[in-house]
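> Below: one structure in structure tokens.
Any read-out appearing in this document is the output of simple, stated calculations on the displayed coordinates, not a laboratory observation. Everything numeric in this text was worked out from a predicted model, so none of it was measured. Positions of Cβ are generated from backbone atoms using ideal geometry, with glycine treated the same way; all protein chains shown enter the neighbour counts.
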There are 2 protein chains.
Amino acid sequence: MSTLDAVLNRIDQDIDQSVERLFALLRIASVSTDPAFKQQCRDAAEHVAADLRSIGFEADVRPTEGHPVVVGKSNGSSANGVPGPHVLFYGHYDVQPVDPLNLWKTPPFEPRIETLPDGRKIIVARGACDDKGQAMTFIEACRAFKAVTGKLPLPITTMIEGEEECGSKNLFSFVRDNADEFKLDLALVCDTAMWDQKTPAVTTSLRGLVYEDVKITCADRDLHSGVFGGAAQNPIRLLAKILGAMWDDDGRVTIPGFYDGVKDLPADIKADLKALDLTPEKFLGPIGLKTSAGEKDRMLIEQVTTRPTAEINGIIGGYTGEGAKTVIPGEASAKVSFRLVGDQDPQKIRDNFRAFVRERLPADCKVEFGNFGLAAALQLSFDNPALNKARTVLGEEWGKKAVAVGAGGSIPIVADFKNVLGMDSLLVGFALDDDRVHSPNEKFDLTCFHKGIRSWARILHALAE
Amino acid sequence: MSTLDAVLNRIDQDIDQSVERLFALLRIASVSTDPAFKQQCRDAAEHVAADLRSIGFEADVRPTEGHPVVVGKSNGSSANGVPGPHVLFYGHYDVQPVDPLNLWKTPPFEPRIETLPDGRKIIVARGACDDKGQAMTFIEACRAFKAVTGKLPLPITTMIEGEEECGSKNLFSFVRDNADEFKLDLALVCDTAMWDQKTPAVTTSLRGLVYEDVKITCADRDLHSGVFGGAAQNPIRLLAKILGAMWDDDGRVTIPGFYDGVKDLPADIKADLKALDLTPEKFLGPIGLKTSAGEKDRMLIEQVTTRPTAEINGIIGGYTGEGAKTVIPGEASAKVSFRLVGDQDPQKIRDNFRAFVRERLPADCKVEFGNFGLAAALQLSFDNPALNKARTVLGEEWGKKAVAVGAGGSIPIVADFKNVLGMDSLLVGFALDDDRVHSPNEKFDLTCFHKGIRSWARILHALAE
């Protein structure tokens, strides 16, 4: 029997104990955003550190201005003695608040196994998936290697933080201040989703974000539309006209230079995505929509993951109460954001957007801008060797080729791994769309947990070679 | 001394008490559009009724589905015993909302006199001009007649309503249901403006109004823009795109059929208007603007009085708080109004607007409309004898001939006086362009109030002869 097979066997034999160890972590109410749970966050960090020590990691609970970071370190080498790449594993031990508590069928910090009508077994608890369950798939894979071979297949540093659910705000300086320590060969992250129950996925891109506040001021006061209507500039009309012009009839953003740095997908990746057959019915049906509003010449899956977008996230101006008020307001404002991909330059997108608005503004109206976000997109090269190794072995585990997909949202620290540490991240996760992450009755499929552990064992083994 | 001179003297002697009585009415926060002020509207109605009784009117607070109408009745006859025409005086005791409250220098319902740098004394309060101050010019003129002659110079019925600022919606049926009572010889209305500080005006045309609320619903919940951005319809984007398309680059409204029934002015009237030389500097300068936003091929005075307009009076959707939220809202809404002139059909304009929106709406988005106003425009014949009497005596009071002008705003019920009761309306008002009507720090010049009272005394005297 090969080393890997022995490790996988060990994982299967040990699965009940793996679940017990996850349950022990799930029982700690480590809600990071609420100061009332400060001690529980500390307890969770200590628990994770002790668990890492139990499998031979040197582990510390390292302080920050907020909740601590658990840093674990272990040497490792492959069967033939090659040390292999040194990887940084990132996960988080903090969880979302549980409200509304009354919607939970059982208490959120009393984990249990439930069998669904379709036979699926699920682990139910706050954090079952996000991210205690996912982080533990990696730790349990390490444990199996230790048990079978007495060592890890490659050197591993773990960084399990406690503030991901409130913006990772102290982790940025922690990483910067300890750049030498964490600037390793590759980051592994387990906080993303599978394509579906049967299809594993590696998340190869995260969209960036530019978030702008725009306020247009015309007259220096609110006006009676009966008196000034037809002559006075109306800032709502200007906002509507200007922001409404941001898209053409084909759903493309019209801001000059907006698509600079946006590359087309390689043909094979595009074909893979096409084969996933993400239909508007499947994706938009659950939210009450049928038709995509995106670029007409793009697949839906491209529109939501690998294509940039512009959105108006909020707008307000004039009278918005009950009934009628015949006012022309002095000012109106909107929040506008852009999701970026590829090499789009956030600074340039912001400047071009501002120029787009300014150019359309009549001479005696003013515009003020505020910025609440300026992050570039993240893209893992499609020929990254680690990516291709991971896709291959995930395919072996799940019986179906792993897809390389983009995620519409962002994991803030991953951008810093690239920009501050110059290190790529391999994002592999086992969440499913129905996991109710951030909602009551959060769950993680037992199969996802079990095969997730096996998947990491395969990935570590492959990376070590 | 003639009767008229005695009445004018009495007005001069009593002016401080007249101001006190106006202040008492201004202290009542009778905001009609907000249900929270229901009792204050009732209080204002009772206050006006009591005041009318104090000068010999038989006065009732008459219920409607909304705020009540104050109806007062008094006989009257000229010095030589001729009863003269029976006039209906219309005004309103309700006022606009006060928001944004933080822009008021002093509380809106604590009236005060302020002296401007140029020496003008002004009455500052919500409703100081619109319409409590204006309505009180008429009541105070009646009071002076009563005090000096013991009677009014002609029979007067007063109708002081409480829903003008929210479209007079219950007054229409009230007038219709009591047509016999209110179908009199002539309506007198005090809710309009002077041409300027020195030039009195009779308003011979009023723009009509269509006021619509439009709500667009897309997804059945608020969405994360990172997940759904690029695919989900965004109702703010739709609102911006659709409403922004209501005007072409020359300021013309693009809704099909919008200009049906709009006639060009006769050449002589157009020449009179041109002679008034209303420049953008003069009209828009005081509100901080320099350039007109209206139809490029029209004089400014046409744009604001005799041409129809479209305005967005309010808009709201998505996140409007501090900072950023990456949301795509499920719904967004706006308030849109149209000022009508000539023979534009309000029903048709409303239908065409709704069709304009519906035609541009993607298949799986919904739109709901609400209507808060539907009034045709109004035009008084230039050879009306009451008009000419009024222009003459206004010239005597102000030392300058009264001009006959069109008003940009609408007084919805005046259309019904014509269409339902077959009665012309003589619109004489003393507001000035800088009165900040509907805005913070609304004011009414003390001179306008004082000479306004004297003007009505002269008009009543002239109509009685």
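> So which GluC sites (Glu not before Pro) in region A:1-78 end up in coil per DSSP with only 16 or fewer other C-beta atoms within 10 Å?
Answer in residue order: A:Glu65.
> What dipole magnitude, in Debye to the nearest 20, does the protein assembly as shown give about its Cα centre under +1 on Lys/Arg Cβ and -1 on Asp/Glu Cβ?
So the magnitude is around 280 debye.
> If you rank A:Asp277, B:Asp196 by fewest surrounding Cβ atoms within 10 Å, what's the result?
Ordered by Cβ neighbours within 10 Å, fewest first: A:Asp277, B:Asp196.
> Something else now. Pairs B:Lys38/B:Lys389; B:Lys263/B:Lys400; A:Lys274/B:Lys335: which are spaced more than 32 Å apart, C-alpha to C-alpha?
Where the Cα-Cα span goes over 32 Å, the pairs concerned are B:Lys38/B:Lys389; A:Lys274/B:Lys335.
> If you don't mind, there's one more thing I want to ask. Which residue, B:Leu374, B:Gly229, B:Pro68, has the largest displacement toward the positive end of the dipole of the protein assembly as shown when charges sit on each Cβ (Lys, Arg +1; Asp, Glu -1)?
Positive-end residue among those listed: B:Leu374.
> To one decimal place, what orientation-averaged projected area in nm² is obtained for the convex hull of the Cα set of the protein assembly as shown?
42.6 nm²
> Work out the mean other chain Cβ neighbour count within 10 Å for the residues of A:385-396 and drop it here as an integer.
0
> Moving to a separate point now. Taking neighbour counts of Cβ atoms within 10 Å as a proxy for exposure, in what order, fewest first, do A:Phe283, A:Phe444 appear?
Ascending number of Cβ neighbours within 10 Å: A:Phe283, A:Phe444.
> Let me ask something additional. Starting from the 7 Å offset along Cα-to-Cβ, what nm value, one decimal, do you get for the label separation of B:Glu58 and A:Leu374?
7.6 nm
> How well do other chains shield peptide B:206-218, expressed as the mean number of their Cβ atoms within 10 Å of each residue Cβ?
Averaged over the peptide's residues, the number is 2.
> Against the longest principal axis of chain B, how steep is helix B:235-244, in degrees 0 to 90 to the nearest 10, with axes from Cα atoms?
Rounded to the nearest ten degrees, it is 60.
> Let me ask another. Given the protein assembly as shown, what percent of its DSSP beta bridges are antiparallel, to the nearest 5?
Counting only bridges with both partners in the protein assembly as shown, antiparallel ones make up about 70 percent.
> Here's another thing I want to ask about it. List, in order, the whole-Hz ³J(HN,Hα) value for each residue of region B:184-199 obtained from phi through the Karplus relation with A = 6.51, B = -1.76, C = 1.60 and θ = phi - 60°; use x for Gly and Pro.
My calculation for region B:184-199 gives 10, 7, 6, 9, 10, 10, 10, 8, 10, 10, 6, 5, 8, 4, 10, 10 Hz in order.
> Classify region B:69-131 as rounded, prolate or oblate from the Cα gyration tensor: take a ≥ b ≥ c as the square roots of its eigenvalues, call it rounded if a/c is under 1.5, otherwise prolate when a/b beats b/c and oblate if not.
Since a/c reaches 1.5 but b/c is at least a/b, the shape of region B:69-131 is classed as oblate.
> I've got another one for you. Tilt of helix B:38-54 relative to the longest C-alpha principal axis of chain B, in degrees (0 to 90, nearest 10)?
10 degrees
> Report, in debye and to the nearest 20, how large the dipole of region A:1-67 comes out about its Cα centre when Lys and Arg carry +1 and Asp and Glu carry -1 on their Cβ.
The dipole of region A:1-67 has a size of about 180 debye.
> Using Cα atoms only, what is the angle between the long axis of helix A:346-359 and the major principal axis of chain A, expressed in degrees (0 to 90) to the nearest 10?
It works out to around 10 degrees.
> Taking a ≥ b ≥ c as the square roots of the Cα gyration tensor eigenvalues, with a/c under 1.5 meaning rounded and otherwise prolate when a/b beats b/c, else oblate, which class fits region B:212-252?
Oblate, because a/c is 1.5 or more while a/b does not exceed b/c.
> With a ≥ b ≥ c the root eigenvalues of the C-alpha gyration tensor of chain B, is it rounded (a/c under 1.5), prolate (a/b larger than b/c) or oblate?
Prolate.
> Label-to-label distances across copies for B:Asn9, with labels 7 Å out along Cα→Cβ, in nm, shortest first?
With the label placed 7 Å along Cα→Cβ, B:Asn9 yields 12.4 nm.
> Of B:Phe37, B:Phe138, how do they rank once you tally other Cβ atoms within 10 Å and put the fewest first?
Least crowded to most crowded, the residues run B:Phe37, B:Phe138.
> Just to confirm the numbers: A:Pro35, label point 7 angstrom along the Cα-Cβ line, distances to the other copies in nm, shortest first?
3.9
> I would also like to ask the following. In debye, nearest 20: dipole of region A:304-457 around its Cα centre with unit charges on the Cβ of K, R (+) and D, E (-)?
In total the dipole reaches around 200 debye.
> For B:Lys443, list the lysines whose Cα falls under 20 Å from its own Cα; do not include residues on the same chain fewer than 8 positions away.
A:Lys325, B:Lys105, B:Lys121, B:Lys132, B:Lys198, B:Lys282, B:Lys451
> For chain A, what is the mean residue ellipticity at 222 nm derived from helices alone (per DSSP H run of n ≥ 4: -39500 (n - 2.57); sum divided by total residues; nearest 500 deg cm²/dmol)?
Dividing the helical sum by the residues of chain A leaves -10000 deg cm²/dmol.
> Provide a whole-number value for the mean count of partner chain Cβ atoms within 10 Å of the Cβ atoms in peptide A:237-248.
What the average comes to for A:237-248 is 6.
> What number does region A:365-465 give for Rg over Rh if you use C-alpha atoms and the Kirkwood radius?
That ratio equals 1.09.
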